[in-house]
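Notes for the one structure printed next.
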Amino acid sequence: MKAATRQDAIARILRRNSSSTVDALAAEFGVSHRTILRDIAALRDQGFVIYSECGRGGGLQLDPQSVLTTARLSATEVFALLLGVASMRAARALPFSDLADAGLAKIEKSLPADRVRDLRRFLDCLYVGQLSPQQNLSDLGPMDAALLPAFEQAFLNRLYLRFGYRDAKGVQSFREVEPQAMLILPPLWYLVAWDPQRDDFRHFRMDRISDLECVEGAMFRRKRVPFEDDVCPFNDLPK
């Protein structure tokens, strides 16, 4: 595990559990005490306020106020938060939506101007709607965490995406497509893409996508996706 990934995980553990120990963290990540102490020092350098206690195990406690004022989020991480809010709103299951929107607005303000532009361009590709009650969800699986950063690169730079895909019958194929939109039909998430081999649009369930990669080089033009009437852009979603 990379140091930055481990440090993010340590911050999450401290935020959720309010406290931990060097012993427990070292055991959790399979590293030495010295490595955990370096990670804590790195988190402090990032602005996290972490209190430590002397003694066996080394007690650690995170000041929750420091998380609110100093955490640095990338545009992709902010977009992931927005996706969660959009998904819950589309499912009509978002209490306290005003507070969620206000919080996301504050987070967006912390991003550099160029990343805000990227975020808004990314949001222009997001659509939401309602899932048909006849849809079979028995085979719903997890989505690969690597999808979102790859989508960001592909959508913003208009790059082709190449991936393995398993259809509803379990047949595996290999696709290379032009990503045009992301569609949320809670709880299903789709990549909507133009498939040059089939000369048509295709909807790919994200939980069936594997081994995703961007194809550097050739770029494509954005196309207008013919959505159903009950699908709307995220930016037009009622607040």
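Between the Cα long axis of helix 97-109 and the first principal axis of the chain there is an angle of about 80°, rounded to the nearest 10.
In degrees between 0 and 90, to the nearest 10, how far off the longest principal axis of the chain does helix 33-45 point, with axes built from Cα atoms? The helix 33-45 is inclined about 70 degrees to the chain. Angle check, please: helix 147-157 long axis (alpha carbons) against the longest principal axis of the chain (alpha carbons), in degrees 0 to 90, nearest 10. For helix 147-157, the angle is close to 60 degrees. Per residue, the chain exposes 58 Å² of accessible surface when a 1.4 Å probe is rolled over the protein heavy atoms with every protein chain present.
When both the stretch 167-209 and the stretch 113-135 are represented by their alpha-carbon centers, they are found 15 Å apart.
What FRET efficiency would be calculated for the residue pair Arg38, Ala102, taking the C-beta separation as r and a Förster radius of 41 Å, to the nearest 0.05? Walk me through the numbers on the way to the answer.
Numbers: r = 36 Å, r/R0 = 0.89.
Step by step, r from the Cβ atoms, then E = 0.65.
Would you please give the FRET efficiency between Thr5 and Asn157, computed as 1/(1 + (r/R0)^6) with r the Cβ-Cβ distance and R0 = 35 Å, to the nearest 0.05? Show your work: numbers first, answer last.
Working: r = 24 Å, r/R0 = 0.70.
Computed FRET efficiency for Thr5 and Asn157 comes out at 0.90.
By its C-alpha gyration tensor, with a ≥ b ≥ c as the square roots of the eigenvalues, how is the chain shaped: rounded for a/c under 1.5, else prolate for a/b larger than b/c, else oblate?
Numbers: a/c = 2.06, a/b = 1.77, b/c = 1.16.
It comes out prolate by the Cα gyration axes.
Output the Kirkwood hydrodynamic radius of the stretch 158-239, Cα pairs only, in Å rounded to one decimal.
That comes to 13.7 Å for the stretch 158-239.
The values are calculated or read from the model by the stated rules, or taken from the named source; none is laboratory data. In this text, all values refer to a predicted model and were calculated from it rather than measured experimentally. Backbone-built Cβ (ideal geometry, glycine too); neighbour counts: all protein chains shown. All accessible areas refer to the heavy atoms of the entire protein, side chains included, with ligands and DNA or RNA removed. Shrake-Rupley method; radii C 1.70, N 1.55, O 1.52, S 1.80 Å.
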